[in-house]
Amino acid sequence: MTTVAQSTTELNAASRRPENIRSLSAWRRRLLIGVVVAYAALLILAPLAALVSGAFAKGLGASLQALSDPDVFSAFLLTLKIAFLTVAVHGLLGTVLAWVLVRYRFRGHWLLNGVIDLPFAVSPVVVGYMLLLLFGRTGLFAPLLEALDLKVAFAVPGMILATLFVTLPFMAREVMPVLESFGVEQEHAAATLGASGWQTFWMVTFPALRWGFIYGVILTFARALGEFGAVLVVGGGIQGRTETLTLFIYRALDERQYVGAYSAAMVLGLLSLVLVIGTELLRKREK
Amino acid sequence: MNKKILKTLITLTVMSLLAGCGGQSTATSNDASDGTGSTKLILGAYTTPREAYGELTQLFASQWKEKNGQEVTFEESYLGSGAQSRAIVEGFEADIAALSLDGDIQKIADAGLITHDWHTLPNNGMVSTSIVAFAVRKGNPKNIHDWADLAQPGLEILTPDPKTSGGARWNILALYGAALRGKVKDVAANDEAAATEFLKSVLKNVTVFDKGARESITNFEAGTGDVAITYENEVLVGKQAGQDYELVIPASTILIENPISVVDTYVDKHGTRKVAEGFVQFLFTKEAQEVFAKHGLRSLDTEVAEATKDQFPAVTDLFTITDQFKGWEEATPKYFGDDGIYTQAIVEIQQ
Amino acid sequence: MTSLTPPLTVQEPPRRAPWGRWGIQSAAWTYVTLLLLIPLAVIFQDGLKGGLGTLWHSISLPIAWSALKLTLWTSALMAVINAIMGTLTAYVLVRYEFPGKALLNAIVDLPLAIPTLVTGVMLVVLYGPQSFVGAWLKNQMDWRIIFAPPGIILALLFVNFPFVVRAVQPVLQSLDLESEEAAATLGAGPTTIFWRVTLPALWLPIASGALLSFARAIGEFGAIVIVAGNIPLRSQTAAVYVFGEVESANRQGASAMSIVMLSLAFALVLVVDWLRKRGRKDAEE
């Protein structure tokens, strides 16, 4: 009922208004719109404008130069690596999770359903801390890691786990409503015609799901790009090893590299924005 | 359409896995440790000497290459001293720990990761020093010249959070020590109650607690606050970077002594002991000490100190953690423990 | 943008090999257990090691208690403001046409794309004591935004902006207009209709969106640590307190506060889920 997929296309249709209601007088309506726009402008646009102007404070050239720092490149690469891996894992398992929650009845359904919303509300610091309790030098799994010569805390695997944790809800929450509205009749029909479970899923269900799936992927990706608190606590911000782009920004601020910091921040924001808007445009075109 | 998506996802996953395996050798294994090929050293330091170590690591790498034919690359991390110490104890496999105060190195030793006595290095293991001082706005509009001025009502002070920052702890002890020594106007000497009252009056004026000394001074630079209590070398580095604030040295202040140590467990695990010890020894040479001085740190090397004495004004009453407080072993619980003088003060001023 | 209604009706798929179903279910449970339940369990175990008494003691220390209180009241206030402004924004987006409407719609999602650290930095740049606005407020009215609770609320409003809007929008969009039209026929003015007909129909998404943003606000770190000042008992929130405890190796304090935050978050999430279920039920009727 409320996926991004659905709400934006419906929104793009003309606004719906009851036919016969006496509208608010023109000035009151304008006032209302004005208040909302002013709020959005002051709250959201103003800081973003400050960000862009900070990035270009010394001109486009300085901004580009800051971005071509090898540290920026490796930090960005690490961010992307973690984000792609996260998307791959959640893309598969998040869909499975959605399927299980929509199609099956079982004890503990409410728990599974509730628990996957938790990452929205858990503080990133707590996420990092939990992982340290598990994988730190004195953590629960420390002997196991020692035996396998694996590093999780203060290394990339820990950061991947942290990112997986905080992005878990997105995939399932985008796919579930779409899966539900799709209903089982077509799946039943396919089964009657002799299709196997897998075939049914791929040829019947998934095509109907795909926009929910895509939006889930995009949101997961965008959230993974911007993760900061959890990867800071579990990764340690080691330059050249566990520094994502957000951690680079944090370091750049410390080093008084303001143009670099703001430029990198702008890149992250732009990337997410482009992905979201791009997906919506693609969808409109398909229609 | 769905086939395309599947294919894309698979490609991306494979790519990222390959990139992951390729780009990152397991963190613990390292190439040869004694003189062949290349090796990597991991440095865990506090926030302030970032620029100094940036230069020193490069200098050392080129010298080591010449002498021993081995490539050395560094991975550095700069956090508040307390935070860095904690990270190393929790599993950050730093080969070398360069922290703000001896107590933080002690914590690593207490965890069993350092098994030798680092005080056997020159100068009792202290690789650099500084003093606690103030950064004030250009022209010193609030007329801050000494500790007593910090208690004036309405003043906005920046100092980092003692929970995470070593610099913050030095600041508190410098203030307290000066008060105990009778060097603060209107505060009786050797009177703990009076000194604590003075501490509280200054704490009341603190506007922001940043995580580390570096964050604190950059916050000050962004326009927050009237005065920042900080390391002298932070102010000097900031001025080198073009900031126009001024340095004010109080009449009585503490000597900030920064220790350094090789982390035994990790250098043995990585096989980097020789290089790591080489690096630490290098830091005590005249050349390295000159680099420290260049970045605002007072050298303990007598020659270098003499040569740079114009850069570093003498302090009227300089005391150390050992003179005044019987060392960090005593001071940490007494001031920063759960019932510590500072810990209680910060609560009492709000109630 | 984030979808907000999990399904209520479970629809059984066609009969299939039982092992297939079992396999998929275990995959789902393993996934959630490994990634979520184990980390959560370990922190509960760590914090409750000394028993509930020790937990209570850690939480009731003045610094911890004060951090918790500050977090709760700033998050609650933010949730209320967000509920109001979010609803108004959704209303304006659904019911009116005006220049820049598409831009406004796109802006709503922006906070999700910006790393919270950057949000904090930008707010300090814009409204901090050296900025035009900040300096004026300080000199003229002795008000401080940044490094004080108002700054916290501002940062929280930014980060949570999408939640109420995106919860209300679709419901408003598909609202049955019969009741409103009927009220109009009976002579009610637009404002009355809004208060008496529209708003009551929206209370579920408003409540669930507001609660979700409240839950998120409790854990907010990246923006707050830059913007808040972090003075114990004055401007230090629970998440920043946990950070300080973790960084100074005080596990008891960190775990205790984390448990309280997690329990609160879980309770809120369950309430939100229940509200959404009700919303689904109502929509089906």
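The values are calculated or read from the model by the stated rules, or taken from the named source; none is laboratory data. All of these numbers come straight from a predicted model, not from anything done at the bench. A quick note on method: Cβ atoms are made from the backbone with ideal geometry, for glycine too, and the neighbour counts reach across all protein chains shown.
The table that follows gives values for the structure above.
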{"quantity": "Residue within region C:173-195 that is more than 19 Å from B:T207 (Cβ to Cβ), touching a residue at least 60 places away in the same chain (Cβ under 8 Å), in contact with a helix residue (DSSP H, G or I) (Cβ under 7 Å, 6 or more places away or on another chain) and crowded, with 20+ Cβ neighbours inside 10 Å present", "calculated": "no"}
{"quantity": "Matching residues, region B:196-220, being surrounded by fewer than 23 Cβ atoms within 10 Å (Cβ to Cβ) and over 25 Å from C:E247 (Cα atoms)", "calculated": "B:T196, B:E197, B:S201"}
{"quantity": "Any hit, region A:112-125, residues being out of contact with any Leu (no Cβ under 9 Å at 6 or more places or on another chain) and modelled with pLDDT under 95", "calculated": "no"}
{"quantity": "Sole exception among (1) within 24 Å of the chain's Cα centre (by Cα); (2) in contact (Cβ under 8 Å) with a residue 12 or more places away in the chain for C:A267, by number", "calculated": "(2)"}
{"quantity": "Filter pass, C:A228 being surrounded by 24 or more Cβ atoms within 10 Å (Cβ to Cβ) and modelled with pLDDT under 90", "calculated": "yes"}
{"quantity": "Residue match in region A:238-245 (condition: modelled with pLDDT of 90 or more and within 9 Å of chain C (Cβ to nearest Cβ))", "calculated": "yes"}
{"quantity": "Unique residue being within 27 Å of the chain's Cα centre (by Cα) and either away from chain C (no Cβ under 11 Å) or of a type in the set (K, R) (or both) when the list is A:A88, A:A46, A:A55", "calculated": "A:A88"}
{"quantity": "Options C:T192, C:T185; residue that is out of contact with any strand residue (DSSP E or B) (no Cβ under 8 Å at 6 or more places or on another chain) and within 8 Å of chain A (Cβ to nearest Cβ)", "calculated": "C:T185"}
{"quantity": "Lone unmet requirement of (1) closer than 30 Å to A:M266 by Cα; (2) of a type in the set (S, T, N, Q); (3) facing another protein chain (nearest Cβ under 8 Å) for C:T87", "calculated": "(3)"}
{"quantity": "Options C:A188, C:A182, C:A207, C:A201: the member that is under 26 Å from A:V166 (Cβ atoms) and aliphatic (A, V, I, L, M)", "calculated": "C:A207"}
{"quantity": "A:A208 assigned to a helix (DSSP H, G or I), of a type in the set (G, A, S) and away from chain C (no Cβ under 11 Å)", "calculated": "yes"}
{"quantity": "Out of A:D69, A:D149, A:D117, sole residue that is touching a residue at least 24 places away in the same chain (Cβ under 8 Å) and facing another protein chain (nearest Cβ under 9 Å)", "calculated": "A:D117"}
{"quantity": "Residues satisfying the stated conditions in region C:233-252, i.e. surrounded by fewer than 24 Cβ atoms within 10 Å (Cβ to Cβ) and either in contact with an Asp or Glu (Cβ under 9 Å, 6 or more places away or on another chain) or not charged (D, E, K, R) (or both)", "calculated": "C:L233, C:S248, C:A249, C:N250, C:R251, C:Q252"}
{"quantity": "Output for region B:97-151, where each listed residue is of a type in the set (V, I, T) and either free of Cβ contacts under 8 Å to residues at least 60 places away in the same chain or in contact with a Ser or Thr (Cβ under 7 Å, 6 or more places away or on another chain) (or both)", "calculated": "B:I105, B:I108, B:I114, B:T120, B:I131, B:V132"}
{"quantity": "Test result for A:A189, farther than 21 Å from A:L92 by Cα, over 22 Å from the mean Cα position of the chain (by Cα), modelled with pLDDT under 80 and facing chain C (nearest Cβ under 10 Å)", "calculated": "no"}
{"quantity": "From the options C:P150, C:P99, residue that is more than 14 Å from chain B (Cβ to nearest Cβ) and assigned to a loop (DSSP other than H, G, I, E, B)", "calculated": "C:P99"}
{"quantity": "Failed criterion for B:N190 (all others in (1) farther than 24 Å from B:V235 by Cβ; (2) among the polar types (S, T, N, Q); (3) buried (at least 23 other Cβ atoms within 10 Å of the Cβ) hold)", "calculated": "(3)"}
{"quantity": "C:L103 being more than 28 Å from B:G223 (Cα to Cα), surrounded by fewer than 24 Cβ atoms within 10 Å (Cβ to Cβ) and either in the same structural domain as C:P162 (by TED's automatic domain parsing) or within 16 Å of the chain's Cα centre (by Cα) (or both)", "calculated": "yes"}
{"quantity": "Residue match in region C:31-39 (condition: facing another protein chain (nearest Cβ under 7 Å), in a helix (DSSP H, G or I) and more than 23 Å from C:A254 (Cα to Cα))", "calculated": "yes"}
{"quantity": "Residue list for region B:281-306, restricted to those being within 16 Å of the chain's Cα centre (by Cα) and within 16 Å of B:W118 (Cα to Cα)", "calculated": "B:L283"}
{"quantity": "Index of the failed condition, A:I238 passing every other in (1) surrounded by 24 or more Cβ atoms within 10 Å (Cβ to Cβ); (2) assigned to a helix (DSSP H, G or I); (3) of a type in the set (A, V, I, L, M)", "calculated": "(2)"}
{"quantity": "Residue match in region B:162-185 (condition: hydrophobic (A, V, I, L, M, F, W, C), over 18 Å from B:A331 (Cα atoms) and modelled with pLDDT of 90 or more)", "calculated": "yes"}
{"quantity": "Flag for A:L80 being in the same structural domain as A:M159 (by TED's automatic domain parsing) and modelled with pLDDT of 90 or more", "calculated": "yes"}
